[in-house]
Amino acid sequence: MATSALAPAADCPVTPAPFPARTKTSASSIKGLQTVATAVNFTDKILITVTQNGRLAHWVHVPLDIAATDASMATNPYLEREDDDPESDLLPMHHLTATNILGGTVPELDILGQTLATQIASAIKTRDERETRTVVLGMGLEKSMIGREEFSELVGLVLEVI
């Protein structure tokens, strides 16, 4: 007897999720370039894109869940932030690691992308410490974005959509 290709397999659980996924977009001019940030919240991932001139050339992901074996890293007293030090809020969390998925062939943009992804993931984790979804960041940025001021503007733009 043939089975329908559309019927779910008995061993594959179906997780109900809102449709369409919650999406938010914001745009800004950074160093004279129209820059668009979009966040799409799926049940298992947070997808963020930051594009200039419609490009997407570099993809990075940052898992927000910490395995039980890595829990000691998150509670190391030597690496914890100082609650009374306002500058510590600007630092990315030390236990979050950005990994290239695709692209990343331009070293300057590779470093920018990984730093931006870690900073965004830290902001998400700070907002909700129970968040465990993986952050996936797609970027298509000009080389002129590697300055401190441009980085701050990129982070600000993404914070508007997360």
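The values are calculated or read from the model by the stated rules, or taken from the named source; none is laboratory data. Worth saying up front: this structure is predicted, and the values here are computed from it rather than measured. Cβ placement follows ideal geometry from the backbone for every residue including glycine, while neighbour counts extend to all protein chains displayed. Side chains included, ligands, DNA and RNA excluded: accessible areas come from the protein's heavy atoms. Shrake-Rupley method; radii C 1.70, N 1.55, O 1.52, S 1.80 Å.
Things to note:
- Note on the range 136-153: residues that are in a helix (DSSP H, G or I), in contact with a helix residue (DSSP H, G or I) (Cβ under 6 Å, 6 or more places away or on another chain) and modelled with pLDDT of 95 or more total 0.
- E129 vs. criteria at pLDDT 80 or above, open to solvent by 30 Å² or more (accessible area, probe 1.4 Å) and outside any helix (DSSP H, G or I): yes
- Any chance G113 is within 13 Å of the chain's Cα centre (by Cα), surrounded by fewer than 23 Cβ atoms within 10 Å (Cβ to Cβ) and within 20 Å of N53 (Cβ to Cβ): no
- Candidates are the residues of the range 112-162 that are basic (K, R) and free of Cβ contacts under 8 Å to residues at least 40 places away in the same chain; the one that is farthest from L96 (Cα to Cα) is K143.
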